[in-house]
Amino acid sequence: MSTAPDRYAVAGNPVAHSRSPHIHSLFAQQTGQSVDYGRLLCPLDGFTPEVKAFAASGAKGCNVTVPFKFEAFELATRRSPRAELAQASNTLRFDEGGWLADNTDGVGLVRDITVNAGVPLVGRRVLLLGAGGASAGVLGPLIEARPAEIVMANRTVEKAEAIVARHADWAAQHGVKLSARGLSDAGTGFDVFINGTAASLAGSGVPVGPEVLKAGSLALDMMYGPAAQAFLDWARSHGAVARDGLGMLVEQAAESFALWRGVRPDTTPVLAEMRALVDAASAR
Ligand code: ATR
């Protein structure tokens, strides 16, 4: 007798173009897990009732995307340490004893940099641009990767200062020099430059100068597809190794899948398949 698959979804607004259902169906096929992963479009003022109804219908968990990651964090009764640091959650597990909120964005980013791109972070200097949800969500795991230094630079420096203050103990525990700066004094010659701002989406270009790079730096935009193109072109034209956020997307999904299912999929073939899809879509 076959039983119905366990249900999950990505909850957000918008979610129509999310690649997560495809990624999770590839993971399920590969690992032989009985999983049905869909999309949950939530009204901007109706995330909580929508997700509660989804859980009440028997679903096991969900990913959460823009703009609900902060609300998801508030909804849970238990939170992983990395979700606590981020104050935001991209992964909920609907446990019977109370919902668990995790945040897999940062660990996904670190894994994409160190494993997929093969760039070590230990002892390196890292510039993290932006102080919105995307950048705040990855700072804790970046610190855990033990670079020598992380500079968080943002247009509104007070926002970066608040996030840096929240991570100060974590940075000290890991021996990482952590500071907040404005865009005009972000610094120079970083080994790794991560763009977590919405600046490329707004079409306003990269809001820092090429002096933040040096020959062979890794420059990574958390976006992918057309939204990342201007940043990638800029990075390449200044001698950096450019990388988009597709690897991070696949890796954060794998961490969520592992949290829910207890098995971590092999991301290499899945990233290759998603890369081909995204490239084909961009070429159209
Ligand atoms: P998200 O949750 O996706 O990170 P967000 O919270 O709106 O989105 O944050 C967007 C980030 O991009 C912020 O760091 C923002 O800078 P401010 O904090 O000063 O608003 C940054 N950003 C957006 N447009 C920008 C631009 N044109 N130049 C520089 N930074 C920009």
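Tell me, yes or no, whether the stretch 225-239 has at least one residue that is more than 16 Å from the chain's Cα centre (by Cα) and either within 21 Å of Asn63 (Cα to Cα) or of a type in the set (Asp, Glu) (or both). Yes, the stretch 225-239 contains a residue that is more than 16 Å from the chain's Cα centre (by Cα) and either within 21 Å of Asn63 (Cα to Cα) or of a type in the set (Asp, Glu) (or both).
Cβ-Cβ distances below 6 Å connect the following pairs, each with a first residue in the stretch 256-284 that is over 17 Å from Pro21 (Cα atoms), a second residue that is open to solvent by 30 Å² or more (accessible area, probe 1.4 Å) and part of a helix (DSSP H, G or I), and a separation of six or more residues or different chains: Val263/Thr31. The residue list Glu50, Glu74 contains one member that is among the charged types (D, E, K, R) and over 19 Å from the mean Cα position of the chain (by Cα), which is Glu50. Of the strands (runs of 3 or more DSSP E) lying entirely inside the stretch 30-146, those containing at least 2 residues that are surrounded by fewer than 17 Cβ atoms within 10 Å (Cβ to Cβ) and away from the ligand (no atom under 16 Å from the Cβ) are 35-41. On inspection, Ser217 does not qualify as free of Cβ contacts under 8 Å to residues at least 60 places away in the same chain and within 15 Å of the ligand (Cβ to nearest atom). Going through the stretch 158-186 one residue at a time, which ones are open to solvent by less than 20 Å² (accessible area, probe 1.4 Å) and more than 14 Å from the ligand (Cβ to nearest atom)? If the condition is that a residue be open to solvent by less than 20 Å² (accessible area, probe 1.4 Å) and more than 14 Å from the ligand (Cβ to nearest atom), then His167, Ala171, Val176 are the ones that fit. Please specify each residue of the stretch 222-234 satisfying the condition of being of a type outside the set (Gly, Ala, Ser) and either surrounded by 14 or more Cβ atoms within 10 Å (Cβ to Cβ) or part of a loop (DSSP other than H, G, I, E, B) (or both). The answer is Met222, Met223, Tyr224, Gln229, Phe231, Leu232, Trp234.
Restricting attention to the stretch 147-157, report how many residues are surrounded by 24 or more Cβ atoms within 10 Å (Cβ to Cβ) and within 10 Å of the ligand (Cβ to nearest atom). Of the residues in the stretch 147-157, 3 are surrounded by 24 or more Cβ atoms within 10 Å (Cβ to Cβ) and within 10 Å of the ligand (Cβ to nearest atom).
The values are calculated or read from the model by the stated rules, or taken from the named source; none is laboratory data. The shown structure was predicted, so the numbers you read here are calculated from the model rather than taken from an experiment. Ideal geometry is used to build each Cβ from the backbone, glycine not excepted, and the neighbour counts take in all protein chains shown. To get the accessible areas, we keep the full protein, side chains included, count just its heavy atoms, and leave off ligands, DNA and RNA. Shrake-Rupley method; radii C 1.70, N 1.55, O 1.52, S 1.80 Å.
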